[in-house]
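Accompanying notes for the structure given below.
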Amino acid sequence: MKDIVITGKDWKRELFVFLGCLAVAVLVNAGAIIAYTRPWYELFTQVGFTLSIALGLYLFIGLFRFIALIIKKLR
């Protein structure tokens, strides 16, 4: 059976992709706070929803990355 090896470079790349998704989710949250004139402490109290949005965005981007990988392999 073949072992799967995940290198440090792969970990770092995925961490940066997720941190980018998290940054986008925080900016969306901040935009909603501004748009709906809510108090700024909601930026911290809604961190669970922000993480959920970031994870969903990460999975969504992962789907497109997987499709791109399949297309690359088929070439």
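The values are calculated or read from the model by the stated rules, or taken from the named source; none is laboratory data. Only a predicted model underlies this, so the values are computations on that prediction, with no experimental measurement involved. So basically every Cβ, Gly included, is an ideal-geometry build from the backbone, and we count neighbours across all protein chains shown. In case anyone asks, the SASA skips ligands and DNA or RNA and just uses the protein heavy atoms, side chains included. Shrake-Rupley method; radii C 1.70, N 1.55, O 1.52, S 1.80 Å.
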Practice prompt. Could you run through segment 1-23 and say how many residues are open to solvent by 70 Å² or more (accessible area, probe 1.4 Å) and either assigned to a helix (DSSP H, G or I) or modelled with pLDDT of 95 or more (or both)?
Written response: 7
Worksheet item: Somewhere in segment 33-48, is a residue in contact (Cβ under 8 Å) with a residue 12 or more places away in the chain, open to solvent by less than 100 Å² (accessible area, probe 1.4 Å) and not in a helix (DSSP H, G or I)?
Response: yes
